[in-house]
Every structure is written in C-alpha cells, then in structure tokens.
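Just below is one structure, and these are the notes that go with it.
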Amino acid sequence: MVLSNVLISLENVRKYMGIVMALIGLSAHGQSDKLQNDIIQQRIEFLSAQLESSVTDYTELIEILVDYYENPLNINTASREDLLSLGLLSPFQADGLITYRIEYGDLLTVYELRDIEGMDLLTIQNILPFITTAPSIEAPKRSLKKDIRYAHHELFVLYGRTLEEQAGYMPPDSNSSPGSYYKGDPNRYFLRYRFTNRDRLSAGFTAEKDPGEEFFQGSNPNGFDFYSAHLMVADLGIVKKAIIGDFHAQFGQGLTFWSGFSFGKTADALNTIRYARGITPYVSRNENNFLRGGAVNIGNERFDFTGFYSNKRVDANLASLDTLGNDERVFTSIQTSGLHRTPNEIADKNAIGEEIMGLDAGIKLGRASLGARVVQSKYEGQFDRDPQPYQIFQLDTNRWYNAGLDAKVHFNRLTLFGEASLSNNGGWAYLAGAIIKLDDRFKVSVLNRNFQRDYLAVYAQPFSEQSNVNNERGTYFGIEIEPYRGVIFNGYIDAYAFDWLSYQTDAPSDGLDLMGRISWTPVRNVSGYIRVRHEVRERNLSADSPNPEIADQARTYWRFHLDYKPSNRLKMASRVEFSSHKLGSSPTDNGYVVFQDIHYVVPDISSTFTTRFALIDVRDFDARVFTYEHDVLYYFSVPAYNNVGWRAYLLWRVNLNKHITIWARISRSFLTNSENFGSGTERIGAPQRTDFRIQLRLKI
C-alpha cells in the first residue's frame, strides 16, 4: 500500500513537472517569437498533411489562432463551441473540461488541466498559448463606444515576384497566340487593413494584384485587380452578429452550404465532424469562395436564426449573346482561378452575376442541437455547355434551391452527427457519423456518406473524397490508440464508390484509401512520427482512346519525420518521404523527398530565421509529394514537390518594436533533369525558379 502511494505520488510529480517545463519553454519561446509561433505552423501543417492541393486557403484558421494567441480564451467561461473552435481539442476533451468545471468550479491555474479526463501533455502544450484561467465573472454590459475605443489597427503590406523572366511576359511572336500573354508586370502587391476588437467588432479592406495583372492601367484603371471590404458588429442585444460587405457562411456539416476553410481527410483520423462558425467576416485573398452583401444572426443561448444575401460578379467563359434579342448572356463554365493576366482571362472577369440568399435556424436542446436551412442560388444569363459524359449530372442550370437538416448530440463518450440535403431537381445527399470514446486511450470515428449523382450544390464542402458534392458514396472508419504514454497510433480506412462516370474515369468505379500514423514523444524536446498512406482507385488507362480501358491506379507514400529542439532558441525538423505510382500493368514509378528544416531565434533581438533544404527525385507527376512550407504570416505554401533537383528557402522575421514586424522570404527550386523550368506561360528558359516576397505589419 505504501509503495503504491509512493508510485502514485511520483507519477503526479512527473505530470506536474512536465507541465512546469512546458510552461517554462513556452514562456522563453513566447517572449521572442510571439506571433510566428510553432503551434500555429504545426496545426496548419497537420491539416495539410493529407491534402493533395497547393491552393487550400488557411487564412481563416490562421486568423482564429492568431486572435486567440493575442487574446487568450478564458476556459472558465468558454462554451463547448468556443473550445472546439480552437481546433486543438477533441469533443471528448472539451466535454471533460466542462464537466470538471461543473464538479470542481473554475480552474485556478493551467496546472489543473492534467487532472481533466482525456487531457494529455501534448494537447496541454498545444493549447497553452491560446488560453487563460481568469475568474468567471459576469460579462460587462456591451458598449459599442468602448469596443471602438479599445480596438486596434492592423495594416499588412506585401510585395513579391518571381525573379526569372517567364514566357508569359515575353512579347508574342508570329507562332504564338497574342491572347495567351500577360498584360501586366510580374509583381505581386497585397494590402490589408483591419480595425478589430476581438470578435465584437471588425472593419477592414483587402486589395491584391496577382503577377501578370495590370496595375492602374488597362483592365485595372483603379489599381488592384481585387478588392474586398467588410464591417461586422456583434453582441448587440438579440443581434448576435451583423455583417455588411464580404463574409463567409457555414452551416451544419457543409453538405447544404459552406463557404470558407474546410478540411478533408487528415492525419487526425478522428477529425470527421465539423463545427460551423455561422457568419464571419471575409479577410482572405481568394477571389471566389466568399459572399458579398449582408448577413445577420439573431437569437439567444437556445435559439439561433441567420439570414444572408449575396450578390456579386464572378468569372465565366461567355459563349455569345442570346439570339432572341434580349441580350441575355450565355456562359459555358464558371472560372475560379481569380487570375486576370491575359486578354482571354480578362474577358472572363466579372462576366456574370451570382445571387445567393439563404435562411438558417438552429436550436439547442441540452446536449443536442438541430439545424435547418434553405438556400437559393442564381446566376445571371443562360448556362449552355456541351459537357463531357461524366459532367452531365453536374451544374447545368442558372437557378436552383437547396434545403437541409442537420443534428448533433453529445454524450460523455459518444458524439453523433449528420446532415441530409435536397436540391430542387430531386437529387439528395446525406452523411452521418459518430465519434466514440471506448477508453481514454482508444477512440474510433465512423462516417457514412451518400451523394446522389444528380445532387446539385455549389457552395458545399462536406467530408468527401472529391471536390464535387455528387456521385459519391463511401464509409470511413478511423481509430486512435495510445498503447503507451507518449505513443499514439492514428489510422483510417475509407472505402468509396462513384456510381456514375467521374473525371478521368469513363465508367462507374470505386476506390480505397488507407492511412496509418505512429507518433511518439520519447522526451520533452524530441518527437516524431511514421506515416504510411496507400490509395487505389480506378482510372482510364489512356485519355485518347474512344473506348477507354479502366485499370487500378495505386499511390503509396511512406513518411519518416523527426522534430528535435536542442535548446529554446533552436528547433530542427528532418523528413524522408518515399512515393510510388502505378497505373494498371505499367511499371511502378518511384520517387523520394528528403529535407532538413532549421528554426533559430536570434539571441538578444526579436528575430527568427527558418530555412529548409530539400532534395527531390519524383519523376512521375502522379507521384508528386505535397509538403507544407513556412511562409510570411497569412500566406501559405503547400507546393507539389516533383521532378529531379533541389529546393531551398529562407524565411526571416524581425520585430522592430511592438508595433512593426517585417517578414522576408526567398525560395529557389533547381532542376537537374531539364534545361527549362515550368511550362506554357510560366516557362522559364533556365533550370531554376526564384521567388521573393517581403511583408510589413503595422499594429497600433
């Protein structure tokens, strides 16, 4: 008995000493690297680990984490939704914290986090920069005058360009088309101003010019190619939030309507449920995935009602004017790149109008919540296209309606969620899932989905395999096991099918996606993981054959990653990743990426350097490796590593004082298997490409 008590006491000492050391390390790190902190970067890298895309917009996620970094969340008063909005806690950990508050009262210090069921040292280290344990007192009466008085100003200015000359900037010759060459210069300009007081007040504008676009001339006589602005106020009595200008709207599980950031399959196998944020200001540089108009959210702790209206111009390929004499525009497709560099792209700019209006209502019933919504979408003109066979059930009208229902219910060890939706053409879709805590060290997630081939919804981003929200059904099973303290296994199996033709697959097909990840933290300053992902899906053997033959396309990725921190000022990361691709009976194409990261905090001055050197040998584009790269704040890079050569970058950040911060980044890619870099208008007549950008932030 005595021995048992001694062991328990030693275990408690070890637990609390771990938190003490974490706090000491965090304090030393935070003093010198306040904004560009590791946790924000790690979270983005974690979510991007599975995404096969280089254009995912993480601005909203960065905005949330930076805001909580500078204005920590009081976990003694935070709601379950507030806790989950961090993106760093599981539903069970959030429930455990709330249960602890009910049983024992307010947390006096963060040291109590270790006593909460389901909390582990890694999670505590992750959330410490974003939380506080202030006493829970009655909130002061809302005053818009005080909100304005204590708000702060923030201005970002960014400049960037590719240093080498690209083909798109060269004068067209007699053998080329003048319509495919850039009208503007290669400079990128970005400007963002925001006046905010946490989530109570926000006003600001964004302006951007992409490389190749004209500036104060030609198609852009008023300067930038893209402008965005918003005004938001919150907590005005029954009005919980009101926005004029550009905004996002997110509801349910994203099946009926969702604009803004969303995730798919990630290295977190339990990360299947979504927590919609309702209406939020739009502050990103994406020129398409947002709404423009007005929105209002009213309600109380139990009831919630949101109405929104958007009317903006979007890019589209125009076919002709209607021959019936009413000059109605006829368009063949909607463009989403946001680029307006060439005469052809400029002709597509703001070609048609997009009008969207919707209503959403929600109710909370104890541990359960229910939601219902209806949305009308309309495009100006007539949609007239000659679709490929796989596209015949996709968007082919200029007006449609969606209606959806969603529900969530939370128990101590079980979370159930789902959404069902219907489009006015009769197409339907649903998804339903559960996250189950079988034990503190054993959790599972299950999700089933079925999107009919004729279901129609453009602003929808549910958990899915493909970007189009139709013609897909599947079942996902995820698992998380902690067999030993500091060792965690994450894995999932996702079996899916397409009952109709899909892109590059001219027949009904199916696929299987598997992932396994073992992570460990042997000591406080060392962590690592091994990840394996294997996916098999059917695809055409040849794109040119009139009767294409379908075969299995297999991709496999092996990743070995190690983080180590020799001191509070130096952090290093090493990774080796192998990839392979095989289509049918063709030979297997193999590749690898090896890189070394170094992050160093300069003594005595508020400055940091982050650098990477990577060796790349991925000759098959289908075996390309997407890898997150550190960048200036609110900018994100997840490029595809392929070809043969090397890539390196250097990121420098310095706080000149408490008001001014400067970031500068230069990157270079060099090919050893080609005399040119890139293709088409992006082609460089040399085997390298060098990109540079510098950003200034002024905060008052």
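The values are calculated or read from the model by the stated rules, or taken from the named source; none is laboratory data. Computed from a prediction, not measured in an experiment: that's the story for all the values here. Here Cβ is always computed from backbone atoms with ideal geometry, including for glycine, and neighbour counts include all displayed protein chains.
Just one of the numbered conditions (1) surrounded by fewer than 19 Cβ atoms within 10 Å (Cβ to Cβ); (2) at pLDDT 95 or above is not true of PHE442: (2). Taking the criterion of being of a type in the set (Gly, Ala, Ser), in contact with an Asp or Glu (Cβ under 7 Å, 6 or more places away or on another chain) and touching a residue at least 40 places away in the same chain (Cβ under 8 Å), the residues of region 561-603 that qualify are SER580, GLY584, GLY591. Taken together, the residues in region 626-673 that are small (Gly, Ala, Ser) and closer than 25 Å to ASP589 by Cα amount to 4.
Hey, does region 538-546 have a residue that's outside the structural domain of LEU395 (by TED's automatic domain parsing), free of Cβ contacts under 8 Å to residues at least 40 places away in the same chain and crowded, with 17+ Cβ neighbours inside 10 Å? Yes: one or more hits. Scan region 563-595 for residues that are surrounded by 14 or more Cβ atoms within 10 Å (Cβ to Cβ), assigned to a strand (DSSP E or B) and not β-branched (Val, Ile, Thr) and the total you get is 20.
Check SER674, SER667 and return the single one that is outside any loop (DSSP other than H, G, I, E, B), among the hydroxyl-bearing types (Ser, Thr, Tyr) and either within 27 Å of the chain's Cα centre (by Cα) or surrounded by fewer than 16 Cβ atoms within 10 Å (Cβ to Cβ) (or both).
SER667
Every test in (1) touching a residue at least 60 places away in the same chain (Cβ under 8 Å); (2) surrounded by 19 or more Cβ atoms within 10 Å (Cβ to Cβ); (3) touching a His at 6+ places or on another chain (Cβ under 9 Å) is passed by ARG517 save one, and that test is (3).
Of all residues in region 408-443, how many are part of a strand (DSSP E or B), more than 24 Å from the chain's Cα centre (by Cα) and without any contact (Cβ under 8 Å) to a residue 60 or more places away in the chain? So the answer is 9. Take the conditions (1) touching a residue at least 60 places away in the same chain (Cβ under 8 Å); (2) touching a strand residue (DSSP E or B) at 6+ places or on another chain (Cβ under 9 Å); (3) farther than 29 Å from LEU97 by Cα; PHE383 misses just one of them, which is (1). Of the residues ASP185, ASP268, ASP199, the single one that is touching a residue at least 24 places away in the same chain (Cβ under 8 Å), farther than 30 Å from ARG373 by Cα and in contact with a helix residue (DSSP H, G or I) (Cβ under 8 Å, 6 or more places away or on another chain) is ASP185. Considering every residue within region 609-619, establish whether at least one is within 29 Å of LEU541 (Cα to Cα), modelled with pLDDT of 90 or more and hydroxyl-bearing (Ser, Thr, Tyr). Among the residues of region 609-619, not one is within 29 Å of LEU541 (Cα to Cα), modelled with pLDDT of 90 or more and hydroxyl-bearing (Ser, Thr, Tyr), which makes the answer no. Counting only strands (runs of 3 or more DSSP E) that sit completely within region 153-236, those holding 1 or more residues that are modelled with pLDDT under 95 and β-branched (Val, Ile, Thr) correspond to 187-197, 226-236. The residue of region 613-633 that is farthest from ILE666 (Cα to Cα), among those that are assigned to a loop (DSSP other than H, G, I, E, B) and touching a Phe, Trp or Tyr at 6+ places or on another chain (Cβ under 7 Å), is ARG624.
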